[in-house]
1. Please compute the net charge surrounding Gly174, taking Lys and Arg as +1 and Asp and Glu as -1 over other residues with Cβ under 11 Å from its Cβ.
2. Tell me, what HN-Hα J-couplings in whole Hz come from the Karplus equation 6.51 cos²θ - 1.76 cosθ + 1.60 at θ = phi - 60° for each residue of region 150-166, using x for Gly and Pro?
3. Using Cα centres only, tell me the gap between region 81-101 and region 135-162 in whole Å.
4. Taking amide H positions as placed in the peptide plane 1.01 Å from N, state which residues far from Val143 in sequence (5 or more) or on other chains have amide H under 5 Å from it.
5. Given the peptides 110-116, 196-202, 77-83, arrange them by the average over their residues of other C-beta atoms within 10 Å, most packed first.
6. How far is the Cα center of region 108-123 from the Cα center of region 1-38, in Å?
7. Give me the accessible area per residue for the chain, probe 1.4 Å, as a whole number in Å².
8. So the label point goes 7 Å from the Cα of His30 along Cα→C-beta, right? Which residues of region 179-204 then have their backbone N under 13 Å from it?
Amino acid sequence: MPDNIVQHLSASLTAFELVVVPGLDGSARHHWQSMWQNLFQAKGISIRRVNQKIWSTPHYNRWIMTLVSTVEKSRKPVLLVGHSLGCILIAHAVEQGLLPDTVAGALLVAPADVENGPTQDISRVAAFSPVPISPLPFPALVVGSRNDPWLSVTRARMFAKHWNASFVDAGRKGHIGNQSHLGCWLDGLMFLDRLTQTILIEKTGLRYPHKKTLQ
């Protein structure tokens, strides 16, 4: 991985604490979320993970409260890094007004469409349906894949529009999760950097044209 990208991103992230929010079945050690956690910890970046007690059978209320309690432990502005059902969890917590205002932004990768997911798994996430469509009160970037069994590009764009988030087409990356073999996912780090720079620019009072779709 290019050291200059990691160094640049690490410098930007010193102002924040990252909170990793895995989805259904959690993030294995080869998942990009886990690899990012190891990478940033090695660089001295504040990062913690939402650790649910049971990953295979998500409990709606318990999962939300675990997310909220994890975020509340942070002493810096928080950047949420969600994947799959973790993204939907974040949206539910926002809709219920449970997340503290320390959340500065969110990278939402392959949000699980709990209304239209794979037949063999849809019952496990039924409690999270329907997908919340309330605007997010912080900058967010939705990343979608063209061949994700959990999320069509059309629905991904719709979620981004309702959440007042920008959208990024990640190409054909499946569900961008445990089975996608992305390694440390360099593109994802660049998406995170884009989000971070947006937040830092807004905090300084500068403004530039906000584009809903990033190429």
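1. Residues near Gly174 contribute +2 overall.
2. Values, residue by residue: 9, 7, 7, 5, 4, 5, 4, 5, 5, 4, 4, 4, 5, 7, 6, 10, 7 Hz.
3. What the calculation gives is 14 Å, centre to centre.
4. For Val143, whose amide H was placed from the backbone, the distant partners under 5 Å are Leu108, Val109, Ala110, Val168.
5. 77-83, 110-116, 196-202
6. For region 108-123 versus region 1-38, the Cα centre distance is 23 Å.
7. 46 Å²
8. Once the point is set 7 Å along Cα→Cβ of His30, 179-184 turn out to lie under 13 Å by backbone N, inside region 179-204.
The values are calculated or read from the model by the stated rules, or taken from the named source; none is laboratory data. This is a predicted model, so every value here is computed, not measured. When we count neighbours, we look across all protein chains shown, and the Cβ atoms used for this are built from the backbone with ideal geometry, even at glycine. Protein only, heavy atoms only, side chains kept; ligands, DNA and RNA dropped before computing areas. Shrake-Rupley method; radii C 1.70, N 1.55, O 1.52, S 1.80 Å.
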